[in-house]
Amino acid sequence: MAFDMSKPDFSGLALIGVGTMLTSMTVAGFLLGYGVDKWLDSRPVFMLLFGALGAVGGFLKVYKLLSRGI
Amino acid sequence: MSANENSSGGGTVEYIQHHLTNLCAGDCDPVTHKAASFWAWHLDTLFFSIVLGALIVAVSWRLGKNLSADTPSGFQNFVESIIEFVSTQVKDTFPGHNPLIAPLALTIFVWVWLMNFMDLIPVDLLPVIAGLFGIQYLKVVPTTDLSTTFAMSLTVFILIVYYNVKIKGVGGYLKMFLFHPFGKFLVPVNIVMSIIEELAKPLSLGLRLFGNLFAGELVFLLIALIGGTLATGLAALFWLPLQVVLDLGWLIFHLLIITLQAFIFMVLTIVYLGMAHVEDH
């Protein structure tokens, strides 16, 4: 089977993970923020900021996956 | 400990909590028996996952010795069909060639499926047998333990980073963090967003498997409690058949869930590793 490195087709199977990707991006954002806050002693600034970024990123990622693949 | 004994003594909450507590060694809380720090060992999780891994190795080794091209046995046919199924998934999804991916995917699929399958063994059976030997706590399904699911997803994550660096180079990998998804004018936001996106991969892999299996185990426990708490006297004539029907129904449905979860874990591993192998995504 010949492989085309430039045009991989992940879109179909990657959709399996769409549901949890949305939530886990938010959780990952909060976790990253939690770590940065612990480091800089600035709770809850980065937790909220990165949590929001994660949520936005999650929606964006899902939108991209659903509209045209990765 | 059965549902009956416990419900009369400690109640349903204790029964469920007891079943969801690992056999902990090392730095554990003496009251709750939960891990108190990183240096706590879940002996039951380790035991069952290693035994099931050893089972795969032993069966494969035995089968490998008795392979027959002319008259394959029924079991050989069965194993070949699984290998072919996984191989097809890898060929369809994975760009390029990497000899590690197909064996990795097969191992993940079979091992996760077997660990999930422990959920279908009657919930009280193994803990009661262990109780006879003086083992107080026993959680038989390794995938209902976050330690197992995260250990596997972090291994996949390390492989993702390794192949990203190997294929794209350190510079190429770090460049991915700079300009995606908002272009060159929002580099700081892009960096944070890309780190979050990378972290979300192992997080979603681990949490999905854990959540599905933990919830499935909990439903089995609740069904077991029907007979344990309500089936006294004549009422047993109604509740016990109901428990059997519900248990059978959930078991059949759960058979689908454990297979699906093993499949999803495998496929997403292939997809994530595939994404690490292409220049730009």
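The values are calculated or read from the model by the stated rules, or taken from the named source; none is laboratory data. The shown structure was predicted, so the numbers you read here are calculated from the model rather than taken from an experiment. Glycine also receives a Cβ, built like all others from the backbone with ideal geometry; neighbour counts cover every protein chain displayed. All accessible areas refer to the heavy atoms of the entire protein, side chains included, with ligands and DNA or RNA removed. Shrake-Rupley method; radii C 1.70, N 1.55, O 1.52, S 1.80 Å.
Scan (1) surrounded by 14 or more Cβ atoms within 10 Å (Cβ to Cβ); (2) in a helix (DSSP H, G or I) for the single condition B:Thr21 breaks and write down its number.
(2)
Listed residues B:Leu230, B:Leu251, B:Leu213, B:Leu255; which is more than 9 Å from chain A (Cβ to nearest Cβ) and modelled with pLDDT under 95?
Residue meeting the stated conditions: B:Leu230.
Would you confirm whether any residue within segment B:126-133 is of a type outside the set (S, T, N, Q), surrounded by 12 or more Cβ atoms within 10 Å (Cβ to Cβ) and part of a loop (DSSP other than H, G, I, E, B)?
Checked segment B:126-133: no residue is of a type outside the set (S, T, N, Q), surrounded by 12 or more Cβ atoms within 10 Å (Cβ to Cβ) and part of a loop (DSSP other than H, G, I, E, B).
Restricting to segment A:16-36, give me the number of residues that are more than 14 Å from A:Phe50 (Cβ to Cβ) and in contact with a helix residue (DSSP H, G or I) (Cβ under 6 Å, 6 or more places away or on another chain).
Total meeting the criteria: 6.
Quick check: anything in segment B:247-255 open to solvent by 60 Å² or more (accessible area, probe 1.4 Å), under 19 Å from the mean Cα position of the chain (by Cα) and under 30 Å from A:Gly33 (Cβ atoms)?
no
Hey, among the residues in segment B:152-175 that are of a type in the set (A, V, I, L, M, F, W, C) and farther than 19 Å from A:Ser24 by Cβ, which one's nearest to the chain's Cα centre (by Cα)?
Among those that are of a type in the set (A, V, I, L, M, F, W, C) and farther than 19 Å from A:Ser24 by Cβ, it is B:Val165.
Within segment B:90-99, identify whether any single residue is aromatic (Phe, Trp, Tyr) and outside any helix (DSSP H, G or I), and answer yes or no.
yes
Confirm whether B:Val219 is without any contact (Cβ under 8 Å) to a residue 40 or more places away in the chain, at the interface with chain A (Cβ under 9 Å from one of its Cβ atoms), in contact with a helix residue (DSSP H, G or I) (Cβ under 8 Å, 6 or more places away or on another chain) and surrounded by fewer than 21 Cβ atoms within 10 Å (Cβ to Cβ).
No: the conditions fail for B:Val219.
Scan B:Leu154, B:Leu174, B:Leu159 and give me the residue that is within 14 Å of chain A (Cβ to nearest Cβ) and either under 30 Å from B:Trp41 (Cβ atoms) or without any contact (Cβ under 8 Å) to a residue 12 or more places away in the chain (or both).
Of B:Leu154, B:Leu174, B:Leu159, the one residue that is within 14 Å of chain A (Cβ to nearest Cβ) and either under 30 Å from B:Trp41 (Cβ atoms) or without any contact (Cβ under 8 Å) to a residue 12 or more places away in the chain (or both) is B:Leu154.
Test of understanding: among A:Arg43, A:Arg68, which residue is under 22 Å from B:Leu273 (Cβ atoms), open to solvent by 90 Å² or more (accessible area, probe 1.4 Å), modelled with pLDDT under 95 and of a type outside the set (Gly, Ala, Ser)?
Result: A:Arg68 is the single residue among A:Arg43, A:Arg68 that is under 22 Å from B:Leu273 (Cβ atoms), open to solvent by 90 Å² or more (accessible area, probe 1.4 Å), modelled with pLDDT under 95 and of a type outside the set (Gly, Ala, Ser).
Residues in segment B:67-80 that are farther than 22 Å from B:Ala102 by Cβ and either in contact with a Leu (Cβ under 9 Å, 6 or more places away or on another chain) or surrounded by 11 or more Cβ atoms within 10 Å (Cβ to Cβ) (or both): how many?
Matching residues across segment B:67-80 total 1.
State which residue pairs qualify: first residue within 19 Å of B:Leu106 (Cα to Cα) and inside segment B:60-77, second residue of a type in the set (Phe, Trp, Tyr) and surrounded by 10 or more Cβ atoms within 10 Å (Cβ to Cβ) in any location, beta carbons under 8 Å apart, and separation of 6 or more residues or different chains.
B:Leu63/B:Phe75
Please work out if B:Phe48 is surrounded by fewer than 16 Cβ atoms within 10 Å (Cβ to Cβ), part of a helix (DSSP H, G or I) and aromatic (Phe, Trp, Tyr).
no
Would you check if B:Thr107 is within 14 Å of chain A (Cβ to nearest Cβ), out of contact with any Ser or Thr (no Cβ under 9 Å at 6 or more places or on another chain) and outside any loop (DSSP other than H, G, I, E, B)?
no
State which residue is nearest to B:Phe109 (Cα to Cα) when the search covers only segment B:25-59 and only residues that are modelled with pLDDT under 95 and in contact with a Phe, Trp or Tyr (Cβ under 7 Å, 6 or more places away or on another chain).
Among residues in segment B:25-59 that are modelled with pLDDT under 95 and in contact with a Phe, Trp or Tyr (Cβ under 7 Å, 6 or more places away or on another chain), the one nearest to B:Phe109 (Cα to Cα) is B:Ala25.
I'd like the residue in segment B:178-209 that is more than 17 Å from A:Gly54 (Cα to Cα) and within 11 Å of another protein chain (Cβ to nearest Cβ) and, out of all such residues, is nearest to the chain's Cα centre (by Cα).
Per the stated criteria, the residue is B:Leu209.
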